[in-house]
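The values are calculated or read from the model by the stated rules, or taken from the named source; none is laboratory data. All values reported here derive from a predicted model rather than from experimental measurement. Reconstructed Cβ throughout: ideal geometry from the backbone, glycine too, with neighbour counts over all protein chains shown.
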Ligand SMILES: *Cc1c(COP(=O)(O)O)cnc(C)c1O
């Protein structure tokens with residue numbers, strides 16, 4: 001926040017919803033950013049502008065509106081590529097979200113490259129969307145699914161990956177860049193190095209990374225990378241799969257239909273070029289186009305400033321939270337080793353009761369299993385509470401959270 005470009009007041013004034021009062025006129029304190037982020041006025045205006053002035057289908061007609069929409073749609077592709085330092089825009093595929101991106105890989109790549117006896121590796125802290133597609137794939141093919149466990153700090157025990165890779169049977173390692181529950185930042189560079197040496201492909205679920213830190217796919221060296229627009233100020237229903245061109249070219253299509261074909265005959269079809277081969281049917285034109293406004297917004301702030309702001313908030317929150325009576329905090333508990341996500345519980349208090357009490361003060365946190373039941377089993381809890389920060393959150397908001405947590409401790413006599 002030392003940077004002159006980071007003005008919290010001016011950022012907050014761009015988000016209309018932050019003026020909301022909830023629950024008996026309490027100012028909204030929105031700390032559920034790992035689920036989805038709020039949208040700045042620039043993104044909201046872009047959506048209205050699109051439907052007011054440009055709405056049309058893309059890649060088909062030659063009329064003026066179709067040309068404008070097609071150009072804007074492809075401009076977003078270019079913007080995404082630049083944001084992630086990807087040189088070839090054909091490697092950027094628009095999908096519905098992280099979930100669809102991972103399923104695309106599991107079906108269109110997995111069904112042809114993973115066989116009986118092969119191993120797919122994932123981790124104990126994955127979101128369900130980076131577990132279930134691999135369960136389906138390995139069950140269908142007779143391959144084996146293996147997990148990298150976490151240690152008591154919520155960090156991956158990478159020696160286990162070495163053991164799996166030593167078998168020579170690992171075809172794919174699928175791992176999240178940042179855990180959506182513990183906040184743990186995965187050492188993806190190290191994992192990629194290990195995978196390269198063992199000739200295994202690597203997929204990274206970046207749903208909690210791209211919104212919060214600089215991600216340089218061009219220099220990372222992974223094979224697949226997935227994320228969602230709605231967790232980075234953008235609209236719902238838009239996500240990105242990045243994959244190496246050589247891999248995409250060899251892959252069969254995922255969905256069949258319009259736009260993904262070159263020629264269709266009664267009994268045979270040839271595929272369109274990349275990336276269209278993987279974008280069947282009318283895509284989410286409006287929301288893809290508006291995603292540009294979100295990327296512009298983050299670019300203007302600067303991803304290093306976004307990360308620094310979250311480090312500062314997380315440090316502040318961890319210090320204060322650790323003093324709340326009866327609280328148990330999960331994960332690294334180190335702002336340098338985690339994203340702006342803190343999971344916690346109170347001994348013997350159900351997380352839903354905690355979330356209900358803090359909600360009375362206008363504070364939105366998440367309680368539940370966070371689509372990570374494998375991790376809940378590991379932690380031996382049914383659920384946790386989770387506070388997650390973004391560019392517009394303030395230390396004063398953290399104070400409101402802490403006061404509310406002190407109330408929880410009081411109500412339950414901890
Ligand atoms: C949110 C999330 C997903 C799923 O994203 P969708 O937008 O729901 O498809 C996957 N992985 C992680 C780590 C997430 O946080």
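Tabulated data for the structure shown
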read-out: Selection from segment 222-231 of residues that are crowded, with 24+ Cβ neighbours inside 10 Å and within 11 Å of the ligand (Cβ to nearest atom); value: 226, 227, 228, 229, 231
read-out: Every residue from segment 67-99 that is surrounded by 20 or more Cβ atoms within 10 Å (Cβ to Cβ), within 16 Å of the ligand (Cβ to nearest atom) and either at positive phi or not in a helix (DSSP H, G or I) (or both); value: 93, 94, 95, 97
read-out: Single residue of 169, 194 found to be outside the structural domain of residue 308 (by TED's automatic domain parsing), at pLDDT 95 or above, on the phi < 0 side of the Ramachandran plot and in contact with a helix residue (DSSP H, G or I) (Cβ under 8 Å, 6 or more places away or on another chain); value: 194
read-out: Residue check for residue 377: away from the ligand (no atom under 16 Å from the Cβ), closer than 26 Å to residue 24 by Cβ and in a helix (DSSP H, G or I); value: no
read-out: Flag if residue 391 is touching a residue at least 60 places away in the same chain (Cβ under 8 Å), surrounded by 21 or more Cβ atoms within 10 Å (Cβ to Cβ) and under 23 Å from residue 122 (Cα atoms); value: no
read-out: One residue from 110, 142 being more than 16 Å from the ligand (Cβ to nearest atom), assigned by TED's automatic domain parsing to the domain that holds residue 290 and out of contact with any helix residue (DSSP H, G or I) (no Cβ under 8 Å at 6 or more places or on another chain); value: 142
read-out: Residue satisfying condition, being out of contact with any strand residue (DSSP E or B) (no Cβ under 8 Å at 6 or more places or on another chain) and at pLDDT below 95, within set 296, 259; value: 259
read-out: Some residue of segment 273-296 being without any contact (Cβ under 8 Å) to a residue 12 or more places away in the chain, farther than 30 Å from residue 387 by Cα and away from the ligand (no atom under 16 Å from the Cβ); value: no
